[in-house]
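> Structure in structure tokens, see below.
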Amino acid sequence: MSALLSVYERELVLTKGRGAWVEDRDGKRYLDFGAGIGVNGLGHGDRGVLAAIRNQAARLVHASNLYHTEPAAALAERLTTLAFPSRAFFCNSGTEAVEAALKFARKIGRSQGRSELVAFERSFHGRTLGALSLTWTPKYREPFEPLVPGVRFCAFGDLEAAAAVTGPQTAAVFVEPVQGEGGVWPATPEFLRGLAGLCRERGALLVADEVQCGLGRTGRLFAHQHAGITPDLLTLAKPLGGGLPIGAVLLREELAPGIAVGDHGSTFGGNPVACAAALAVLDHLTRPGFLDAVERRARQLRKGLLALARIHAQIADVRGSGLMLGVEFRGGVAPVVRALEGRGVLATRAGERVLRLLPPLVIKPAEIRSFLTSLDAVLGEGAGAA
Ligand SMILES: Cc1ncc(COP(=O)(O)O)c(C=O)c1O
């Protein structure tokens, strides 16, 4: 593995997966509470997704955007019907979805002299230069400065602070309805409603970045729906393709005439195999009762975590929304992640102190119990203490 450029810290070599379980090359099994950083929403090896991939791959793997393909057209129709009246643009990742949203907002705002962007403290929007400019964490940004100019950051959850930086110069406000990488912080419905009102009043566009929190993760198909708002743009990616790379931007219908042929593009974007997989994912997420089951599992997991917080003093906070939960420790989270891995459980971190839990949405009650037992044991050994 040494020929890989070392931008990641990693050791495990995973070879297969089924449901909420993955296996490494030595045959050791792991309960996957990271789900490929939220990508494997339906777990590993979902039959519907695999069949869609196989069927489409046998017909047409790639066409380029010089031509229409049926899966891309069907996916656009499906997403815009499920979300809000809009037009879809497809790309290949979360950061590209944010990048496209940024360009669309700049283009639309241009005639009114709006070029500034507002983003929030603790935000994470991606690693390409545009999305990185909207990402708050200095260690991600600083080595690559100068970035895209005209980004104003303000405190997440503070409407007055947002009002102070949003004005006639603002093209768009970017918000994660649940901040992920920044430590799993859900926005309150009041904050999101306030932001939507502020953007309407000041003529700025509201971009909901649901790359991580969208598509069923919070128990609703889209996280902004908890607040009863409709953003102007919505970015989606991670779980959309059932494991294949795909990103999407939905742009509110009335704004679509502001984007013309040639304004943006992507050779791979809207790849027919990825779109066919995404259609299978959406079929699954919209099955009657599916999201109710996600909410039940979320309640079980949160209740279990709160019970552990009463026993283990090193837990400082349990927060999140649906099956996107964060456990903040008084000490470092790295030993917790390592100890869990030793016990056959995979989970990710968000920053130095937060254990980020993103189990597959199809996680079973017994698997949640098994996870809680492992976490209890790890904390009993003292991991996560200050
Ligand atoms: C909210 C949000 N936006 C954008 C991204 C970037 O997505 P990707 O890693 O697919 O480029 C992420 C990734 O974690 C994310 O959480």
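> Stokes-Einstein at 20 °C, 1.002 mPa s, Kirkwood radius from Cα pairs: D for segment 93-203 in µm² s⁻¹? It would help to have the intermediate numbers written out before the result.
Values: Rh = 14.0 Å.
Approximately 153 µm²/s, per Stokes-Einstein.
> With every protein chain present, what is the per residue accessible area of the chain (1.4 Å probe, Å²)? Could you put the intermediate results ahead of the total?
On the way: 17380 Å² over 386 residues.
Solvent-accessible surface per residue comes out at 45 Å².
> Classify segment 174-293 from the C-alpha gyration tensor, please: rounded if a/c falls under 1.5, else prolate or oblate depending on whether a/b exceeds b/c. Walk me through the numbers before you get to the answer.
Values: a/c = 1.87, a/b = 1.10, b/c = 1.70.
It comes out oblate by the Cα gyration axes.
> Could you tell me which helices of the chain pass both thresholds, a Cα extent of 30 Å or more along their own axis and a mean Kyte-Doolittle hydropathy of at least -0.5, with helices taken as whole DSSP H runs?
Details: long enough: 290-311 (32 Å, 0.02).
Once both thresholds are applied, what remains is 290-311.
> Quick one: pull the percent of accessible area on segment 230-386 belonging to carbon and sulfur, 1.4 Å probe, ligands and nucleic acids left out. Before the final figure, lay out the partial values.
Values: 3280 of 6150 Å².
Solvent-exposed carbon and sulfur of segment 230-386 make up 53 percent of the total.
> Determine the sum of side-chain charges near Thr128: Lys and Arg each +1, Asp and Glu each -1, restricted to other residues whose C-beta is under 13 angstrom from that of Thr128.
Numbers: positive: Lys103, Arg127, Arg141; negative: Glu96, Glu99.
Within the 13 Å Cβ shell, the charges total +1.
> With a Förster radius of 45 Å, plug the Cβ-Cβ distance of Phe290 and Ala164 into 1/(1 + (r/R0)^6) and report the FRET value to the nearest 0.05.
Numbers: r = 41 Å, r/R0 = 0.92.
The calculated FRET efficiency here is 0.65.
> Now for a different question. How much of the accessible area of segment 1-95, probe 1.4 Å, is carbon plus sulfur, in whole percent? Present the calculation step by step, with values, prior to reporting the outcome.
Values: 3260 of 6090 Å².
Carbon and sulfur: 54 percent of the exposed surface of segment 1-95.
> Still on this model: Past the 16 angstrom mark, what percentage of all C-alpha to C-alpha distances in segment 271-359 do you count?
Details: 2467 of 3916 pairs.
Value for segment 271-359 (Cα pairs over 16 Å): 63 percent.
> Which peptide among 282-291, 54-63, 326-335 comes first, and what is the full order, when sorted by highest mean count of other Cβ atoms within 10 Å? Don't skip to the end; give the middle numbers.
Numbers: 282-291: 14.6, 54-63: 12.9, 326-335: 20.2.
Peptide ranking by packing, descending: 326-335, 282-291, 54-63.
> Here's another thing I want to ask about it. Using a/c under 1.5 as the rounded threshold, could you call segment 206-272 rounded, prolate or oblate? The axes a ≥ b ≥ c are square roots of the C-alpha gyration tensor eigenvalues, and prolate needs a/b larger than b/c, oblate otherwise. Intermediate values should be presented prior to the final figure.
Numbers: a/c = 3.15, a/b = 1.18, b/c = 2.66.
Oblate shape, in that a/c is at least 1.5 and b/c is the bigger or equal ratio.
> List the residues, sorted by chain then number, that are 5 or more residues from Ser86 or on another chain and whose placed amide H is less than 5 Å from its amide H.
For Ser86, whose amide H was placed from the backbone, the distant partners under 5 Å are Glu253.
> Shifting gears a bit: Taking only pairs that are 8 or more places apart or on different chains, how many Lys pairs in the chain have Cα atoms under 28 angstrom apart?
Qualifying lysine pairs in the chain: 12.
> Among residues other than Asn55 whose Cβ falls under 13 Å from its Cβ, what is the net charge (Lys/Arg +1, Asp/Glu -1)?
Working: positive: Arg47, Arg54, Arg59; negative: Glu70.
Result for the neighbourhood of Asn55: +2.
> For segment 1-49, just say rounded, prolate or oblate: build the C-alpha gyration tensor, square-root its eigenvalues into a ≥ b ≥ c, call rounded for a/c under 1.5, and beyond that prolate if a/b exceeds b/c, oblate if not. Intermediate results must be reported in sequence, preceding the final value.
Numbers: a/c = 2.21, a/b = 1.62, b/c = 1.37.
Judged from the Cα gyration tensor, segment 1-49 comes out prolate (a/c at least 1.5, a/b above b/c).
> Segment 24-109: percent of C-alpha pairs farther apart than 18 Å?
66
> So if R0 is 56 Å, what FRET efficiency would Leu306 and His62 give, r being the distance between their Cβ atoms, rounded to the nearest 0.05? Could you put the intermediate results ahead of the total?
On the way: r = 48 Å, r/R0 = 0.85.
Computed FRET efficiency for Leu306 and His62 comes out at 0.75.
> As a test of the definition: which semi-axes, in Å, follow for the chain when you take the square root of five times each eigenvalue of its alpha carbon gyration tensor? Largest first, please. Before the final figure, lay out the partial values.
Details: eigenvalues 212, 136, 75 Å².
The answer is 33, 26, 19 Å, longest axis first.
> Is it possible to state the helix-based mean residue ellipticity at 222 nm for the chain, with each DSSP H run of 4+ residues giving -39500 (n - 2.57), the sum divided by total residues, to the nearest 500 deg cm²/dmol? What is it?
Details: 12 runs with 138 residues, N = 386.
Counting only the DSSP helices, I get -11000 deg cm²/dmol.
> Quick one: which residues, 5 or more positions from Ala20 or on another chain, have an amide H under 5 Å from its amide H? H modelled 1.01 Å from N in the peptide plane, none for Pro or chain starts.
Distant-sequence amide H within range of Ala20: His44.
The values are calculated or read from the model by the stated rules, or taken from the named source; none is laboratory data. Since the structure is predicted, the reported quantities are computational estimates derived from the model, not experimental observations. Methodologically, a virtual Cβ is constructed for each residue, glycine included, from the backbone with ideal geometry; neighbour enumeration extends over all protein chains shown. For accessibility, only protein heavy atoms count, side chains too; no ligands or nucleic acids. Shrake-Rupley method; radii C 1.70, N 1.55, O 1.52, S 1.80 Å.
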